[in-house]
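Throughout, read-outs are computed from the coordinates displayed, never taken from laboratory work. Note that the structure is a prediction, hence the values are computed from the model and not measured. Neighbour counts run over all protein chains shown; Cβ positions are idealised from the backbone, glycine included.
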Amino acid sequence: MTTRTIGVALLGLGNVGGGVVKLLEANAAAIEARLGARLVVRTVVVRDPDKGNRVVDVDRSLLTTDLEAALARPDVDIVCELMGGTTLARTAVLAAIAHKRHVVTANKALLAEHGAEVFTAAEHAGVDVYYEAAVCGGVPIIRVLREGLASDRIEAIHGIVNGTSNYILSTMTETRRPFADILKEAQDLGYAEADPTLDIGGGDAAHKLAILVNLCFGTTVDVHAISTEGIDVVDPIDLGYAEKFGYVIKPLVIARAHGEEADSPIEARVHAALIPNNWLLADVSGAKNAVYVQSYALGPSMYYGAGAGMLPTAMAVVSDMIEISRNMFARAGAHAAPRPRPAVARPLIPLSDIKTQYYLRFGVSDQPGVLGQLMTILGAHGVSIAQVVQDGARGETVGPVWVVVLTHIAREGNVRAALGDIDQLPFVREPARVIRIAGR
Ligand code: HSE
């Protein structure tokens, strides 16, 4: 009996594309045994076939610049988009769907920005679009939410979903080495996006959060409406204070349903946060990712692993190819695809209305009455203090002294109003540093 084959077209041969080629070779026998078929790369669409220094050696005859011809090949069943970006990638994915090819993509930006268009086109064409690698690299969080927790109601998620930011903050915490050096290291290790401001500024995490929100809460959020802050607000001074208070600072995504109804409001935000150092998420270091899910029936559960890097991400991509192949063999077709739930409109709670605890670091002159005035203004805005520390006086000429405040749960709008008043005071030497605190 001849072995069945599934033909694959790869679009892109960068870090992840190279990993896919490598994994298909390395695990060929195991994949064939599990699937009862071989996954065969028929063609690889690249910008420059003559480019040197590729992460894997690929038969030169497989390389092409002709996207249309690649998509039209009758021996291609699955198109695997690993180019990144949202312009050419969108055109390519829609063209693949128009050719009735199943699609695997690792492109979170594409799905966060154009997911509705892509999934609608796929539905009409009757093809699958799988995207496990788009969120948390090799951690199968999409399958967990879509299948494992399909019967549960998700109440909240806290996630570390950007490996580069986590690598930078973890390494800064451990070594206090400069930000720029550590970023360069993350780039060399293949964790960072082509444009690393997406990692550092929180944009990559927001893309992933938009995808998670859809799976968790059955609604489509405009990724640009998600409050997004980068890790560049974190100074090594804050890492030190966090440690003293029993916290670590992590790059988090947070989403929560406010109410049990299908159309209850939700909150969704991306920012660095202090988290208690005895929480499971506190141990998620380096480029590792994790999503801590709080759901009605299961309670807390956490999904952890490599969120970036060549082989972990390639693993998720190839597993999607296997799943699509199984669908093809079972003739389950598009109905088995991890298509997001039909979206229900759910209001996104404005950032000013969220309630959480805050870490505030004030740089002030060391003079009588300062502490009292800070506390009075916070109190006047309804912000209650949990802990305060002032570092020993360093004298007017040396620089500001730090007054660090941890608040009880407060409304963001009230905290910001208080800080607006405080920053006007004559003894304030630099704007207050604000980092939210998150917990279970
Ligand atoms: N740049 C991303 C990260 C890659 O650092 O997590 C995986 O999406």
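In order along the stretch 73-81, the Karplus-derived 3J(HN,Hα) couplings, from 6.51 cos²θ - 1.76 cosθ + 1.60 at θ = phi - 60°, round to 4, x, 8, 9, 9, 10, 10, 10, 8 Hz, and Gly and Pro are given as x. Exposed loop sites here are GluC sites (Glu not before Pro) assigned a DSSP state other than H, G, I, E or B and surrounded by at most 10 other beta carbons within 10 Å; excluding them, the longest clear run of the chain is 1-259. Expressed as an acute angle from 0 to 90° and rounded to the nearest 10, what is the orientation of the C-alpha long axis of helix 370-380 relative to the principal long axis of the chain? Compared with the principal axis, the helix lies near 60 degrees. Taking the number of Cβ atoms within 10 Å of each Cβ as an exposure proxy, the fewest-first ranking of Ile182, Ile160 is Ile182, Ile160. Couplings 3J(HN,Hα) for the stretch 44-56, derived from phi with the Karplus relation 6.51 cos²θ - 1.76 cosθ + 1.60 (θ = phi - 60°), are 10, 8, 10, 6, 9, x, 8, 4, x, 6, 6, 5, 9 Hz, where x marks Gly and Pro. Based on Cα contacts under 8 Å between residues 6+ apart, the chain shows a relative contact order of 16 percent. Residues His124, His102, arranged from fewest to most other Cβ atoms within 10 angstrom of their Cβ, appear as His124, His102.
In the chain, the DSSP beta bridges split such that about 65 percent are antiparallel, to the nearest 5.
In the stretch 144-305, the C-alpha radius of gyration followed by the widest Cα-Cα span (Dmax) gives 15.8, 47 angstrom. Dipole of the chain computed with +1 at Lys/Arg Cβ and -1 at Asp/Glu Cβ about the Cα centre; of Ala210, Leu149, His408, farthest Cα towards the positive end is Leu149. Within straight-line reach of Lys108, meaning a Cα separation under 22 Å, sit the following lysines at least 8 residues removed in sequence or on another chain: Lys100, Lys208, Lys250, Lys288. In terms of other Cβ atoms within 10 Å, Lys244, Lys288 run from fewest to most in the order Lys244, Lys288. Charged side chains reduced to their Cβ positions (Lys and Arg at +1, Asp and Glu at -1) give the stretch 351-437 a dipole of some 240 debye around its Cα centre.
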